[in-house]
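Peer 1: First the structure, then my questions, so here it is.
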Amino acid sequence: MYWFFRNILWVIMRIIFRIEINGKENINLEDKGSLIICSNHISMWDPLTLAITYKRQINFMAKKELFELPIIGKIFYKVGAFPVERDKVDLKSVKQSLKILKEDKILGIFPEGTRVRELDIENVKEGVGLIANKSGSNILPVHIETEYKIFGKVKVTYLPIVKVERFEELPKNERSKAITLAAYKEIYNITE
């Protein structure tokens, strides 16, 4: 079901938008292992943009309200998405994330947890770092730059992978936050 929808979307979105993909050297298409893709989130189009620009299936974590919609909710489940409660620590979604990564699949997360237009480090949630730390999965940060106007440019930049092994020396209680912040800073090109 994922590939059916992805291929249709690929055609539609390539007609509607001018999609430019940068950082292809940061994507290892032959990689069969687990990976977390995390991106800024400016529009409902973002998961679709990631799905058509990345060659492996992405299992997205999405707000639970989407799964309560009669037809849309069923489609979301069919394409590998799963719900998350954003207003609390959702252990069920964390377990589902770890299961996906244990199966050497790709997990898609928006670390701010909702659509945002302005950069604010206070918006970032520690979930991505927690999941990366527990699973040992690296993070592929992505930056999407666009206003999603018809025939407008959608610039998708795949950034260097954040390797979790570089945080092993940190105390356990600091790792998740450090990993999350490293991914967030890559996405927004924040330099110290």
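Peer 1: Of the numbered conditions (1) of a type in the set (Gly, Ala, Ser); (2) out of contact with any helix residue (DSSP H, G or I) (no Cβ under 6 Å at 6 or more places or on another chain); (3) touching a residue at least 60 places away in the same chain (Cβ under 8 Å), Ser93 satisfies every one except a single condition; which is it?
Peer 2: The one condition Ser93 does not meet is (3).
Peer 1: Continuing with this model, one more query. So, of the residues in the range 145-192 that are farther than 30 Å from Val11 by Cα and small (Gly, Ala, Ser), which turns out to be nearest to the chain's Cα centre (by Cα)?
Peer 2: This residue is Ala183.
Peer 1: Also, I was wondering about something else. For Pro111, only one of the following conditions fails: (1) part of a loop (DSSP other than H, G, I, E, B); (2) touching a residue at least 24 places away in the same chain (Cβ under 8 Å); (3) surrounded by fewer than 17 Cβ atoms within 10 Å (Cβ to Cβ). What is its number?
Peer 2: Single failed check for Pro111: (3).
Peer 1: Mind telling me which of the residues Glu68, Glu25 ends up being surrounded by fewer than 16 Cβ atoms within 10 Å (Cβ to Cβ), free of Cβ contacts under 8 Å to residues at least 24 places away in the same chain and under 17 Å from Val156 (Cα atoms)?
Peer 2: Values: Glu68 fails: under 17 Å from Val156 (Cα atoms).
Matching residue, one of Glu68, Glu25: Glu25.
Peer 1: Additional query: Across the range 1-42, what is the total count of residues that are over 18 Å from Gly108 (Cβ atoms) and charged (D, E, K, R)?
Peer 2: 6
Peer 1: Another question, then. Criterion first (surrounded by 15 or more Cβ atoms within 10 Å (Cβ to Cβ), closer than 17 Å to Pro141 by Cβ and among the small types (Gly, Ala, Ser)) does Ser43 satisfy it?
Peer 2: no
Matching residues to (1) more than 13 Å from the chain's Cα centre (by Cα); (2) modelled with pLDDT of 95 or more; (3) among the aliphatic types (A, V, I, L, M):
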{"residue": "Leu66", "(1), (2), (3)": "yes, no, yes"}
{"residue": "Lys74", "(1), (2), (3)": "yes, no, no"}
{"residue": "Leu91", "(1), (2), (3)": "yes, no, yes"}
{"residue": "Ile100", "(1), (2), (3)": "yes, yes, yes"}
{"residue": "Leu107", "(1), (2), (3)": "no, yes, yes"}
{"residue": "Val116", "(1), (2), (3)": "yes, no, yes"}
{"residue": "Val128", "(1), (2), (3)": "no, no, yes"}
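Peer 1: Regarding Ile42, is this residue under 15 Å from Tyr148 (Cα atoms) and part of a helix (DSSP H, G or I)?
Peer 2: In short, no.
The values are calculated or read from the model by the stated rules, or taken from the named source; none is laboratory data. Please read these numbers as outputs of a predicted model, since none were measured by experiment. Note that each Cβ is placed from the backbone with ideal geometry, even for glycine, and that neighbours are counted across all protein chains shown.
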